[in-house]
Amino acid sequence: MRKTLLASVSAVVLSSSVVMAADMPTKARSMPAPPPAWTGFYVGLNAGYAWGNSDPTLTGAPSASPFFFGPAPSAPPGLAPRGFIGGAQAGYNWQSGQVVFGAEVDFSGLDAKADASVSPFFAGKNPNFTWSSRYDWLFTARLRGGFLVAPNWLLYATGGLAVTHVKDSVACTSTIGVSACGASVTGSSVTWSESKTLAGGTIGGGIETMFAPNWTARVEYLHARFKDTSPPVTSFSGFTLVAPSQPLFSFNHNLNVVRFAINYKFNP
């Protein structure tokens, strides 16, 4: 009888312990911290405005002929190509506290061009020189680094490689008896032209905001500087005593870009 009573009491106590244990709140499992909001790969589109300089410089006389009597061209005018730019970019960001750094590449179509005509005496008369310059596209590969002034606002600086394609040309036409375009006795036309891919460097900066999860927008400025070019003679006509000088002009090249971009960031 005593054994039966002890067994019953023990069963009741054990059952109560199990029920109490089940009713006690359990400690929540610790969850890993989410990755920083700016870390990850991203892709996006950009559009904006580009302007720059392709100022030509006279580097020689129009002709080496001892029979040259025509007037030399006046100082070349300044050329300021400008136009629309738009394309796409891809990159990766790392975030450490309030610091964000990363790398980006982009490729944009570019329609920036300029031309000017100058005559030593009267515009459109003899001889008449016409200069032109055009930028077709822009590629950059850059590092970026910045500071979060707020969790969703980034101020950054950037710099790296820039590559573009340019076409520079100078055309001289004359109908007078003795021409400045190539020592012609019957009138002549001469063209100096070159289409070339140029590499250089770029620096800039911008401000970017994360306006929604995985989405950012930014405004950015870039300045790029490229090598000079010296277009060779590509064509000439008229009865010339000697071939026209080549090269005769040198063009310098730089670009400024202001553009808006929107990016989609993938989760790391």
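Observations
- Under-5 Å amide H pairs with Trp137, H placed in peptide plane, nonlocal only: Leu110, His165
- When Arg144, Arg82 are compared by accessible surface with a 1.4 Å probe, the order from highest to lowest is Arg82, Arg144.
- Straight-line cross-link partners of Lys227 among the aspartates and glutamates, defined as a Cα under 15 Å from its Cα and at least 8 positions apart when in the same chain: Asp55, Asp168, Glu194.
- Using the Cβ-Cβ distance between Ala150 and Thr130 with R0 = 35 Å, the FRET efficiency computed as 1/(1 + (r/R0)^6) comes to roughly 0.10.
- In terms of accessible area, using a 1.4 Å probe and ignoring ligands and nucleic acids, Asp115, Asp106 rank largest first as Asp115, Asp106.
- For Thr140, the shell of other residues with beta-carbons less than 13 Å away shows a net charge of +1, using +1 for Lys and Arg and -1 for Asp and Glu.
- For Thr216, neighbours were defined as the other residues whose beta-carbon sits under 10 Å from its Cβ, and their charges (Lys and Arg +1, Asp and Glu -1) total +1.
- Length gained when the stretch Gln98-Leu161 is fully extended (0.36 nm per residue, less Cα-Cα span): 20.0 nm
The values are calculated or read from the model by the stated rules, or taken from the named source; none is laboratory data. Here the structure is a predicted model, which means the values were calculated and not measured. Virtual Cβ from ideal backbone geometry, glycine too; neighbours counted across all protein chains shown. The area values use the complete protein model at the heavy-atom level, side chains included, leaving out ligands, DNA and RNA. Shrake-Rupley method; radii C 1.70, N 1.55, O 1.52, S 1.80 Å.
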